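None of the figures in this text is laboratory data; all of them are computed from the coordinates on show. These figures come from a predicted structure and were not determined experimentally. Glycine also receives a Cβ, built like all others from the backbone with ideal geometry; neighbour counts cover every protein chain displayed.
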Amino acid sequence: MANPYEKLLLENKAWAQQQVEKDPEFFSRLSHIQTPEFLWIGCSDSRVPADKITGTQPGEIFVHRNIANLVVHTDINLLSVLEYAVVYLKVKHIIVCGHYGCGGIRAAMENHSLGIINKWLRNIKDVYHMHQKEINACKTEDDKANRLVELNVQEQIMNLAKTSIVQKAWKHEQRPHLHGWVYGLNNGIIKPVCEMEPGAHIDPLYEYDNL
């Protein structure tokens, strides 16, 4: 029996052949230019692939994924992706997409020590702490987790708005729009939960006046 990874290589060859048969210039076009309108910040969960659930093609979405789709102000990886997408790719929209049934969200609601991941989950615990009264008022554990998923997305959108990268683009180019979405694993539907237009109000404490 072939190793599992060999199936991936075979599927890749079949996919590449199909693309060429449908569009002989497909790879030539992709290799010369990248002009996505969207930056997608999503969860690393294998069940939430950005292109599949939005029906988009290679070249249409610039993607960054991490556990529980966080925007952390000390995450150089995320900030590098954000700067490249906003400053150089000139994306018009940034989407933070969480999903119901997120393991990272569930883990942050518990008190188990999970090693190095504790430091990452701390960011979600902070969101839980901020909205604890509302979340705990939910009737079931699933309802609590689902609400935290939504609130976490909202907080990550706000974290984007707090960055000098986004604020500078808002000031000089009136873009990008920020969108907070949640994907349903049980039905495949994306639910918009929040959005911010360029120049939206944030706490003045986080505004930069010399951009």
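Checked against a 32 Å cut-off, the cross-linked pairs Lys144/Lys168; Lys92/Lys133; Lys119/Lys139; Lys125/Lys168; Lys144/Lys171 give Cα-Cα distances beyond that limit for Lys144/Lys168; Lys92/Lys133; Lys144/Lys171.
Counting only aspartates and glutamates at least 8 places from Lys191 when in the same chain, those with an alpha carbon closer than 18 Å to its own are Asp45, Asp51, Asp142, Asp143, Glu150, Glu155. Per-residue Karplus couplings for region 80-88, computed as 6.51 cos²θ - 1.76 cosθ + 1.60 with θ equal to phi - 60°, are listed in order as 5, 4, 4, 5, 4, 5, 7, 7, 9 Hz, Gly and Pro entered as x. For Trp170, Trp40, Trp15, Trp120, the sequence from fewest to most other C-beta atoms within 10 Å is Trp15, Trp120, Trp170, Trp40. The dipole here belongs to region 154-202: it is taken about the Cα centre, uses +1 on the Cβ of Lys and Arg and -1 on the Cβ of Asp and Glu, and is about 120 debye.
Among Phe38, Phe27, which comes first, second and so on when ranked by fewest other beta-carbon atoms within 10 Å?
Starting with the residue having the fewest Cβ neighbours, the order is Phe27, Phe38.
Distance between the modelled labels on Thr56 and Gln34, one decimal in nanometres: 1.3 nm (7 Å Cα→Cβ projection).
Note that region 16-25 has calculated 3J(HN,Hα) couplings of 4, 5, 4, 5, 5, 5, 6, 8, x, 9 Hz, one per residue in order, obtained from phi through the Karplus relation 6.51 cos²θ - 1.76 cosθ + 1.60 (θ = phi - 60°); glycine and proline are x.
Taking a straight Cα-Cα cut-off under 22 Å and skipping sequence neighbours fewer than 8 places away in the same chain, the lysines within cross-link reach of Lys22 are Lys13, Lys52. Karplus-based coupling profile of region 184-200, in residue order and whole Hz: x, 5, 7, 9, x, 9, 8, 10, x, 10, 6, 7, 9, 8, x, x, 4, with θ = phi - 60° in 6.51 cos²θ - 1.76 cosθ + 1.60 and x standing for Gly or Pro. Find how many whole Å separate the alpha carbon centroid of region 149-190 from the alpha carbon centroid of region 110-126. Measuring centre to centre over Cα atoms gives 23 Å. Put simply, the amide H of Tyr183, placed in the peptide plane, has neighbours under 5 Å in Gly98, His99, Tyr100, Lys191, leaving out anything fewer than 5 places away on its chain. Ordering Cys138, Cys43 from the fewest to the most neighbouring beta carbons within 10 Å gives Cys138, Cys43. Between the amide H of Arg175 and those of Trp170, distances stay under 5 Å, these residues lying 5 or more places away or on another chain, with hydrogens modeled in the peptide plane.
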